[in-house]
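One structure below.
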Amino acid sequence: RYWRLFSVIIKNVNMKKNITLVIIIIAAVAAILVSAINIKGFSVTESSKKFKQEYESINDKVSEKSSKKNRSVNIPENNPMEYITAEKLAKKIDNKESFVAYFGFSECPWCRSVIEELITTAQEENIRKIYYVDVKEIRDTYILNENNEPQKEKDGSKGYNSLIKKLSNVLNEYTLTTDDNKTVNVGEKRIYAPNGVAVVNGEAKILETGISTKETNPYMKLTKEMKSDSKKAFKKVFKYINK
């Protein structure tokens, strides 16, 4: 309808005498079209562009940790990911806000196996913003000593420790595995990667990883069934925000 409006206006303008007016009209119509696109779709932000670049920049590169190639992912430029620090996210919880948060990091193979479905499902469910916390360097870490007892190797950041307390009701236990496959509980909760969380009025309601039970290896080829499982899991998270 915008182009019909444009044609009608142009027909009533003497282009030789009113070139300036025509340019103004073209600019105005273009602005209307851009506005209409932004209303219908997701906008491109500095944060969304950064997220795309960060995740795609290591496509097919060999991971130093696993010596395997990173999964190649295709991230739309108008994705809903909004970078935020752990400290600022904790304040949002204190302020009784409602939002979806996603915890991960670009080199995480499990994260890379679900990220496309997270974004696609968010757009389908009209979730315009997902707060993204890169947890790679902010978490505390434990190792098992020679007696298979948990020993802290690194302290977590102040913001991370705050989130552990505020999201405790949905977080999983921090566990380590011995050489003979026995589980050792560290004695605290853990924000794993990936973790998608819905917070409503400052209260954590649900946590989902998005990882299909059929996906036994983060580097394996993803089937339609696995992708469907991821979508279903993330829909459970988003429904709390869409109520």
Counting only DSSP loop positions in the stretch 170-229, the chymotrypsin sites (Phe, Trp or Tyr not before Pro) whose Cβ has at most 15 other Cβ atoms within 10 Å are Y219
With Q53 itself left out, Lys, Arg at +1 and Asp, Glu at -1 over residues whose Cβ is under 12 Å from its Cβ give -1
To the nearest 20 debye, what charge dipole does the stretch 119-243 have about its Cα centre, counting +1 at the Cβ of each Lys and Arg and -1 at the Cβ of each Asp and Glu?
-> 860 debye
If Lys and Arg each add +1 and Asp and Glu each add -1, what is the summed charge of the other residues whose beta carbon sits under 10 Å from the beta carbon of N172?
-> +1
Once you list every other residue whose beta carbon is under 15 Å from the beta carbon of Q151, what net charge do they have if Lys and Arg are +1 and Asp and Glu are -1?
-> -4
Would you mind calculating the gained length between K224 and K236 on full extension (0.36 nm times residue separation, minus the Cα-Cα distance), in nm to one decimal?
-> 2.5 nm
With 0.36 nm assigned to each residue of separation and the Cα-Cα distance removed, N201 to K68 gains 43.7 nm
With all protein chains present, the stretch 93-162 has a carbon and sulfur share of its accessible area (1.4 Å probe) in percent of 41 percent
Pulled fully out, how much extra length does the chain show between K165 and S98, if you take 0.36 nm times their separation in residues and subtract their Cα-Cα distance?
-> 22.4 nm
Could you give the distance between the Cα centres of the stretch 178-243 and the stretch 88-139, to the whole Å?
-> 12 Å
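The values are calculated or read from the model by the stated rules, or taken from the named source; none is laboratory data. Not measured: the values here are computed from a predicted model. Cβ coordinates were reconstructed from backbone atoms using ideal geometry, including for glycine residues, and neighbour counts include every protein chain displayed. The protein model used for the area step is the full one, side chains on, heavy atoms only, and it has no ligands, DNA or RNA in it. Shrake-Rupley method; radii C 1.70, N 1.55, O 1.52, S 1.80 Å.
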